């Protein structure tokens, strides 16, 4: 149910609500990556003349990308081993995909940056 609330708030461009549901959720890294991807797709699919909504989704994409990286940074600074477990853990909420798989599946530069960041964390061991 939490995923539905988060996704609907994103689809309706209610980012404060989406952040609230994200904060209450159980998988912040994976959910932030999915939110980043969803905002990016919405940005691409909206017509060019809908500047305000496109700008909102672009900002949402940047916001959730930043949240994902901040959570990863904090986890990595506290316990690098556990942070790698989080990154490599198969998420039951997201079709048993890992953070790496979700980020890699995007054909988007921003998510590719997250993917590269995750790979760098992985290589630091």
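The numbers here are math on the coordinates, done by the rules we state, and not lab data. The structure presented is a predicted model; accordingly, all values stated were derived computationally and were not measured. So basically every Cβ, Gly included, is an ideal-geometry build from the backbone, and we count neighbours across all protein chains shown.
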If each residue's Cβ is checked for other Cβ atoms within 10 Å, how do 15, 64 rank with the fewest at the top?
15, 64
Roughly how many Å is it from the Cα centre of the range 29-49 to that of the range 77-96, as a whole number?
22
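Counting pairs of alpha carbon atoms under 8 Å apart in space and at least six apart in sequence, what relative contact order in percent does the range 10-102 give?
28
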Would you calculate the volume per residue, in Å³, of the smallest convex hull containing every Cα atom of the range 1-90?
88
